[in-house]
Amino acid sequence: MTRQDFEDLFARRQRGLAGRDAIALASLHSEDCVLESPTAGGTVRGRQAIEDVYRAWFVAFPDATFTADEPLLIDGDRVAQRLTIAGTDTGGFLGLPATGKAFRMPLVVLCTFADNQIAHERRIYDFTGLLIQIGVLKAKPVA
C-alpha cells in the first residue's frame, strides 16, 4: 500500500468513527484479523468480533468523539495513529450501569496490514484511568 492508500483508509476509519458505523469500521479489517484491546477482554479474532467491540463502545459512549492528534506514522505495512477519545458513559460500559460521567483519554492504535486491510490491531490506552474517570473505580487523590 502507498502512503496515500493508508491515509485514505484511515480517513474512512475516521468517518466510520464519527458516524458510529461499526459495520463500516469492521470492513476495514481482514476476516481473520486479530484485535488486542483492554475493553475487548484482551484479544478477539475475526471481523464479526471486532464489529461487536466497536458497537459496544458506541452503545456505552454514544457521544464519543475520536480526534486524530498527529499525522499517521507509516513504516512498511505498519501504521501508528495517536488519537484522543472523549465521551460520556450514558449507555453502560462492560455490562455495568451507566454512570453519566465524562472521560477523556489518549489512545495509540498500532496496525499491521495485509492485502489492503488491517490484519492486526493493538489499542493502547489507560484502561484503569478510564474506569476511574467514569466512576467505575475509586481512587484517592495523591496528597
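For region 78-85, state whether one or more residues are part of a strand (DSSP E or B), touching a strand residue (DSSP E or B) at 6+ places or on another chain (Cβ under 8 Å), within 18 Å of residue 1 (Cβ to Cβ) and of a type in the set (D, E, K, R). Spell out how you get there, then give the answer.
Of region 78-85, the ones part of a strand (DSSP E or B) are 78-85.
Imposing the further condition that a residue be touching a strand residue (DSSP E or B) at 6+ places or on another chain (Cβ under 8 Å) reduces the set to 78-85.
Subset that is within 18 Å of residue 1 (Cβ to Cβ): 78-81.
From what's left, of a type in the set (D, E, K, R): 78.
Yes, the conditions are met somewhere in region 78-85.
Just name the residue that is farthest from residue 95 (Cα to Cα) out of those in region 3-41 that are hydroxyl-bearing (Ser, Thr, Tyr) and at pLDDT 95 or above.
Checking each candidate, the answer is 30.
Which of the residues that make up region 103-128 are within 19 Å of the chain's Cα centre (by Cα) and either in a loop (DSSP other than H, G, I, E, B) or surrounded by fewer than 15 Cβ atoms within 10 Å (Cβ to Cβ) (or both)?
Within region 103-128, 104, 106, 108, 125, 126, 127, 128 qualify.
So which residues in region 7-32 are in contact with a Gly (Cβ under 7 Å, 6 or more places away or on another chain) and more than 18 Å from residue 83 (Cα to Cα), if there are any at all?
First, pick out the residues of region 7-32 that are in contact with a Gly (Cβ under 7 Å, 6 or more places away or on another chain): 24-25, 31-32.
Listed by number, the residues that qualify are 24, 31, 32.
Which condition number does residue 39 fail, the rest of (1) touching a residue at least 24 places away in the same chain (Cβ under 8 Å); (2) more than 15 Å from residue 125 (Cβ to Cβ); (3) not aliphatic (A, V, I, L, M); (4) not in a strand (DSSP E or B) being met?
(2)
The values are calculated or read from the model by the stated rules, or taken from the named source; none is laboratory data. Everything numeric here is computed off the predicted structure, so don't read it as measured data. Neighbour counts run over all protein chains shown; Cβ positions are idealised from the backbone, glycine included.
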